[in-house]
Every structure is written in structure tokens, then in C-alpha cells.
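Each remark here refers to the structure printed beneath this line.
Please treat every number below as a calculation from the coordinates, not as lab data. These numbers were taken from a predicted model, which means no experiment stands behind them. Cβ: placed from backbone, ideal geometry, glycine included. Neighbour counts: every protein chain shown.
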Number of protein chains: 2
Amino acid sequence: MTQRPGQLHLNAFLMSVGHHEASWRLPESDPFANTSVAHFKNLARIAERGKLDSVFLADSPVLWNNVGRRPAGTLEPTVLLAALAGVTEHIGLIATASTTYNEPFNLARRFASLDHLSGGRAGWNIVTTAGVDAARNFNLDELPAHSDRYARAAEFIDVSLKLWDSWGDDAPLGDKENGVWGDDRKIYPPRHVGRYFKVEGALNVPRSPQGYPLLVQAGSSDDGKELAARYAEAVFTAQQTLEDAQRFYVDLKGRARALGRDPGSIKILPGIVPVIGATEAEAHALDAELDRLIKPEYAKRQLAQTLRVKPEELDLDAELPRDLPSEDQIEGAKSRYTLIVSLARRERLTVRQLIGRLGGGRGHRTFAGAPEQVADAIQHWWEQGAADGFNVMPPVLPSGLEAFVEHVVPILQKRGLFRTEYVGTTLRDNYGLPRPANLNLGRDLVAAAE
Amino acid sequence: MTQRPGQLHLNAFLMSVGHHEASWRLPESDPFANTSVAHFKNLARIAERGKLDSVFLADSPVLWNNVGRRPAGTLEPTVLLAALAGVTEHIGLIATASTTYNEPFNLARRFASLDHLSGGRAGWNIVTTAGVDAARNFNLDELPAHSDRYARAAEFIDVSLKLWDSWGDDAPLGDKENGVWGDDRKIYPPRHVGRYFKVEGALNVPRSPQGYPLLVQAGSSDDGKELAARYAEAVFTAQQTLEDAQRFYVDLKGRARALGRDPGSIKILPGIVPVIGATEAEAHALDAELDRLIKPEYAKRQLAQTLRVKPEELDLDAELPRDLPSEDQIEGAKSRYTLIVSLARRERLTVRQLIGRLGGGRGHRTFAGAPEQVADAIQHWWEQGAADGFNVMPPVLPSGLEAFVEHVVPILQKRGLFRTEYVGTTLRDNYGLPRPANLNLGRDLVAAAE
């Protein structure tokens, strides 16, 4: 193996009782943990014990599928993370929020608020939200086109950056003697007029400890990669093979460089579903037990929806049908579609086998093994230039996160690959990124008006 | 005094370092407390020590005025209250949010989340948000008309109620053995199509401990009172005289009764700014010291804006100009406008005197006195049918809330007017209101489709 300087980054992707869709059926699992703040506080504390960079919550403003299959309904991430901020001190708090179904002023405000109340630990996973079901919860009949959603996302981020920079860091004065609380000349209203948004005034929150939340992105379509290259500081991605992950890594770093960015300023974290046992055999036994608990009729319906076919077109004991749509016919979750079809074709999986592979990570890489093997897998991808770190997706929670923190993290620490103590106090400190300077995008307007 | 059965209710209205606009200039005050979660945690704990029903945060999605005058910028209330939920157990958590600048799905979700994570302590103060400055942060050039904002508010609440009732209380099953997490037949999508909103799907949060947040309203215009009579369970209101407060109380209870509601199911809480001293003289000295710290040029500019006149039309040492607009020419904060003009005319106040009176409570009643006198004032209005309780607005925080909790609350408790322990666990329990039944408004649609 080649030596690679520096250390890797680890994010814990929290999802009710685990990423495996059948995890809630295990005897150890609380089936109602999806709405339990005590459960999530426990997870955040475990992750912080392991010195992880951050915890992360996915989100979509829609009730997916039926409620029979698995724990349904989730607490809104910015609100839940505000509650987790109170029981942690160092770990970053990354919330997913949609640019398609929010207004920039409201969302920029909530993230600035979360950054203030966590002492600089907020991150925003920027999503455009696929699926017509979400659109129909927001006055629309049809899902806006993929390219439209990404154009709106870019303008949404631009407006948000103007809002976060609408207060100079030195605008608050607190001058009691002269009775001047703040300096009006250090307020820079965006006065933004664009294709999707008109936003006139400054944010009603002073600039926050990090300046603004860490910007995270997770879409891997062409539009998604362009957005990430322009704005993202961390990227979550689903990659099944080392070669695909390396290709994605080189591609995205290259796009960032082409836009004049330091490729080191964008951290790439593929997902990994670590199924951990004391021995390799125990890990595989847990994996098999989880797959056994999947109800195939539910999973087939979900797979059919992802593939845009009817459930009856899928035969559990046969391979996928040959005539599936091509990626450019897919509106939303484009790259995930291609990943799933490629996985099935490459390994000639039956529908039942494919369901087992997806049940754990929904397209993310599952790796079952003893702690040393999991650490090896992580080290290998990191050293081979496929990752700056990993988005850790425990199949069962809390036990899978505990196993990772107690058994895998110490091995990575012993090898010098992962921190043994937090340095700094903010989420950007954890990822080794600088606090963004205040560009005061409204400054020229103020000067011109004077 | 007449005897009145039952006990009164007390809400603590939290605002950075206090409701008096000059409070931040006192030596004791942290001028940057407006963004300090530690400050707000301290306030919530003090209020809970006093067994108060709830704490409340006002809000508007706009940076008001200039930042010179007083602490500017506030953390978004739902996020801040989620953080306060973790350091309290009993006290209600009421957040203001606008129906004009939010989408029902997002807001209903956040309040359901706050209700889950606080164990049933969430409340929503429903506002329609006055002021063109807010409109210009949300793609609009002009403020929507008052009646339009209220029509949208009513539909917004209807949609929210459908969303909160879109899960039967018994929809989650957690049946591990059969692998059935929830009962799809107990999910009732709103399928709402109205004048302002189309919302198709069920909420992605199960029904919360309270069913839905306590509904609070604070507008006292005719439209505002109609909305309150229809939906509100608690009403905050600004009243300067006993007679006005009694008239408002009778009016609103009558409107509720006319709509078929039990008048006892809507609690009316006028604001009171208690300036508390060990003696009456000490209280008046604090009041005078606070007024002395007001910068009249800032306050005059603000008053001019409220009155829709130019600052130069106001003379600090003269009464208000005679020719001011009538209430029906005012778009937003209508009743507050009338209250301020009436106060000035009734007491023949100079602009300087009016500024002093408004500096403490912005139109709410200020009462300076020793603890017994404050308790008497509260008891008197309550017994005279002017209030079911009070919205307590300490002029200085935390000291004004500490003084109220340590010196006024024990007197009210000794007189049997206020609880000595919390009974029940939810915000509605504190206000003596029942948990709303699930009306399952989508049930008929489901039945019809079968």
C-alpha cells in the first residue's frame, strides 16, 4: 500500500434503528426509535465518544411508500439537531434540506440559528428532492425538471451566501455607553433579483461562528457533480467498487480545480454499511439474519418503483428484465438508478439477491467483517485515492455504531489514520477546512448608494 | 373583590435581554444575549422554577429597523425551543411562525417534530406578518392585503390540521413478528385542494403527543379576532385599561361561543410588563433609569414608522399631530396602531412621554411596583373578567424574570391563584385543555376510495 499523509474523516449517517430496512425487527431494536429524541441523543453521544467528525440526517418532505414496511416518519432534521447540540460539544451536526421546497430566507436563517446555538457545528446537506410525491405536497402537480431543480438550487445557494454574509463579522458593537448596539454600515442587504428568487433584506441573524454552515452535497448525477464542484465542502456518495469510487473522486476533484478551487477544500466520503462481528463468520451471520427479516413483497414494490417498472414485471428468482429505461429518461436519483442496475447486471444477481444487497444500504456499499477487516477496507480505499473519509451507515442502531466506535475506530487510531482527540471547536475544524471569509457581497451596493 | 374559581395562567414572553428597548444598556446585561443559547436556557429554567405554563418567542422573517438601536437578530424560534426542550421538563414551548411566508407541510412538520421531542410541549403562535419589508424577502414587491393574509392563514391552519390528523394515533404498530411496522389503513392523506394550497400526501411524522401544537394567536384586529375565535386555544393581547381588556375578553369569548366553541377552551392572556422593585419607589426608579437610557432619535424614527408619518412631523415635546390615518387605512398591526394613538390622546402624552411608555412594552401595559402590588394588579384583572392569565414581559432579562418568579409567583401561590406544582406533562395540561381527538379528516376519502 502507498502511504498517504494526513488522516481520514468519518461521518455517522443516523437513520432510526439502522440503515438495514429490517433492523427494526431485531429483538434488540426499539421500533419507535424514529421519533425518540432520547435514541438520537444516545447515538450522537456514541459518535462523539468515537471522535467522529459529524452526524448526519437525510430528509425528504414526503411520507415515502407505505408505513407497513419499516419505521416511517422522521423528525425534521434542523429541529432534531438543535436538540442534539445540547448533549454534545464537538461533533458536527449536518441536516438535509431541500432547495426545491424551501425559501432561502427561512432556511438560511435556520442554519445560521443552528450554527449559533451549537457553537459552530452546523452543516447543510443540499438536496433538490426527487419524486413527484414531494412536489404534490407543495402546490405542484408534477416534479420540476432535473435541470430546473439544479438551476434553482444554485441560485438558492447564492442567495443563502449573500444572506449569511449580510452581516459583517464586526457589525455587532454592544456599545452601552454611547447607546449604539450595532454598526448599520456593516449590514449588507442582498437586494437579490434572480430567475427564481427576489430577496431584498439582510438576514435577521448576525453572522454565525462558522460564517455559514458547512456545505454538503450528495447528488452524483452530472448536474449534481457540477453543483458539488462549485459549492460543496463535503460530498456523500454511493460507490460499489474501488474503480468507480476512484473515477468519481478524480472527476469531482478535477471539476473543482477547473472552477479555480483547491481540490483539498472538497472532502469526498463514500458510504459504507459496516456489518461488524467479533469474527468474519459472526458478521456474515448478522448480515444473513437481517436479510432473512426482509419482507420480499415490500422490497419488490420499492425496487419496481425505483426502476420505473410494474412490480409484476419483476421475478424474485430471475435477473432484472433486459429492457429498462436509460438514465437520461430518469427524473431524480439518476445516478442511484444506474448504480443499482449496474450492480445487478455486473454480478448477475436475481431480484431476490439484489433486494438483499439493497436492503442494507439502498445502493451504498455493504461490507461484512471483523473489526480489522472493516478497518482494512476503509484504509484501502482511503490510501488508493477513492475517498477522503467515509459516510458510516450502521445497519443496526445503536449497536452497529457502538461496534464501529468501540472496535473499528481504535484500530484506525492505532494506525494513525484517525484523530484521538478533537482539535478546534467547529465542524469545519473537524474537516480541516478554514472559516470562510465574509465576502460582503452587498458591500459594492452600499458603497454605490453612498 | 368577587371570587373567581380556578387558577390563572402565566406565560413568559422571552426577548433577548428584556422587553424594554434600552435594557441592553444596563451594566448587568449581556448585549449579545440575543444569540446566546445559554442565556435562553437559563431563562427557560427560571420560568420552569416558577411553574409557569409556557415560554414564548415572537418572530418575524425580517431584520427590523437599524441595528444601532437595540440587540438585532434572533435565533429562529422552533430551532431555539428544540434546544430549550432538553433543559426543561414541564414548561410549554411556544414559537411564532408566519402563515404568509411558510408552506403548511414544512411548518406542520416542524411543530410535530418539536412536540415529539419535547414530550408534548409545543405551541404555535400563528401570525400573518405585517410589513412590506418581510414581503420583499420572499419574492414579493408589496405586502399582501390584510384580508388576503388572514384568508391564507385560515386555509393554512386547515391544511395543518389535516396533516396533523393524517396519521391515526394507532397507525404505528411495531409488529416485529409479522414484519408489519404500521397500518396503512390508518394513514389519511389530506388531498387538499384550496384557494392558496394544494397538499396531497400525509405528513411524514406520526401523530405527536399532543396531537398537534397548542394553537395561539395574537392579532387583535377584526380579522385577527375572527381567526382566534375559530382556532386559537390561547390568545396574547395588548390592553392598556381594565375596561378595554374586559371588552376584548367578552368580545372574543362571545365570538367563540357563536362558532359553537366552549368559551373556556380559549384562554386570554393580556401582556404585562412588570417593573418590580423591593419597594414601589425602587420600581419607579428602575423604570425611570430604563427610560433615561432610551435614545429618543431612534425611538422617534420607529414611532414615525408605526404611525405612517415622517420623523420630522413628530416633535418630542408636543402631542401627536391631529391628522393621523384611521385604522382602516393601516395594513398590518392595525389594532396596535389604534392602541398607541388612543393611549397618547387619552393621557395627552408628548411624543417623548409616549416613547417612554412604549419603550417598555411596545403598547403592552407597563406596571411598576413592589411584588404585592404586581400580584394585586394581576389578581384584579383576573377577578374582574379581563384575563384568564397574563403574558409576562419582563423589562430586563434575566433579572426581571427572576424577580417575578421569586417574589410575585409565591404571593399568587399563597393566595391560591397559581399552581405550586405542575400536574400532567403537556402544554395543554398546563392550560387545562384536553388533547384534541383525531378527526381523521381524510377518513371519508379513504372509505370512498375502497
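Label-point spacing at residue B:258 relative to the other copies reads 6.7 nm, in ascending order, each point sitting 7 Å out from Cα along Cα→Cβ.
Assign one of three labels to segment B:327-444, namely rounded, prolate or oblate, based on the Cα gyration tensor with a ≥ b ≥ c the square roots of its eigenvalues; rounded applies when a/c is under 1.5, prolate when it is not and a/b is larger than b/c, and oblate otherwise. Judged from the Cα gyration tensor, segment B:327-444 comes out oblate (a/c at least 1.5, b/c at or above a/b). Helix B:222-231: angle to the longest alpha-carbon principal axis of chain B, degrees 0 to 90, nearest 10? Rounded to the nearest ten degrees, it is 40. Peptide B:288-295 is shielded by partner chain Cβ atoms: per residue, an average of 1 of them sit within 10 Å of its Cβ.
Count, for each residue of B:178-187, the Cβ atoms from other chains sitting within 10 Å of its Cβ, then give me the mean as a whole number.
Other-chain Cβ atoms within 10 Å of each residue's Cβ, averaged: 6.
Of the residues A:29, B:82, A:335, the one whose Cα sits farthest towards the positive end of the charge dipole of the protein assembly as shown is A:335 (charges of +1 on Lys and Arg Cβ, -1 on Asp and Glu Cβ, taken about the Cα centre). The dipole here belongs to segment B:367-430: it is taken about the Cα centre, uses +1 on the Cβ of Lys and Arg and -1 on the Cβ of Asp and Glu, and is about 80 debye.
Give me the lysines in straight-line cross-link reach of residue B:414: C-alpha distance below 16 Å, same-chain residues under 8 apart excluded. Once the sequence-local lysines are set aside, what remains near residue B:414 is B:51. Taking a ≥ b ≥ c as the square roots of the eigenvalues of the alpha carbon gyration tensor, segment A:174-227 is oblate, as a/c is not under 1.5 and a/b does not beat b/c. If you average the C-alpha positions of segment B:45-76 and of segment B:282-312 separately, how far apart do those two centres end up, in angstrom? Rounded to whole Å, the Cα centres lie 19 Å apart. Going by neighbour counts of Cβ atoms within 10 Å, the residues B:342, A:16 line up, fewest first, as B:342, A:16. In summary, the aspartates and glutamates within cross-link reach of residue B:198, defined as a Cα separation below 14 angstrom excluding same-chain residues under 8 places away, comprise A:133, A:141, A:142, B:103, B:155, B:158. Packing-based ranking of B:407-417, A:256-266 yields B:407-417, A:256-266, ordered from highest to lowest mean Cβ neighbour count within 10 Å. Seen from every direction in turn and averaged, the convex hull around the alpha carbons of the protein assembly as shown projects onto 37.4 nm². Apply the a/c threshold of 1.5 to the C-alpha gyration tensor of segment B:39-191 and tell me whether it is rounded, prolate or oblate. In terms of gyration-tensor shape, oblate. Take each residue in B:98-107, count the other chain C-beta atoms within 10 Å of its C-beta, and the mean is 4. Across the options A:386, A:273, A:100, the greatest Cα extent toward the positive end of the charge dipole of the protein assembly as shown (unit charges at beta carbon of Lys, Arg, Asp, Glu) belongs to A:100. Here residue A:295 is the anchor, and the lysines within straight C-alpha reach of less than 16 Å, apart from those fewer than 8 places off in the same chain, are B:176. For residue B:436, the label point sits 7 Å beyond Cα toward Cβ; its separations from the matching points on the remaining copies run 3.9 nm, from shortest to longest.
With a simple spin-label model that places each label point 7 Å from the Cα along the Cα-to-Cβ direction, the separation between residue B:142 and residue A:132 comes to 3.8 nm.
Arrange the peptides A:18-25, B:100-107 so that the one whose residues have, on average, the most other Cβ atoms within 10 Å appears first.
Highest mean packing first, the order is A:18-25, B:100-107.
For the pair residue A:262 and residue A:328, label points projected 7 Å from Cα toward Cβ lie 3.9 nm apart.
For segment B:9-16, backbone phi angles converted through the Karplus equation (6.51, -1.76, 1.60; θ = phi - 60°) give residue-by-residue couplings of 10, 10, 10, 9, 8, 8, 8, 5 Hz, Gly and Pro being listed as x. Rounding to the nearest 10 and keeping the result within 0 to 90°, find how far the Cα-based axis of helix B:371-383 lies from the longest principal axis of chain B. Roughly 60 degrees between the two axes.
Projecting 7 Å from Cα along the Cα-to-Cβ direction, the label point of residue A:194 sits 3.0 nm from its equivalents in the other copies, listed shortest first.
Counting only alpha carbon atoms, the long axis of helix A:104-117 and the longest principal axis of chain A meet at about 90°.
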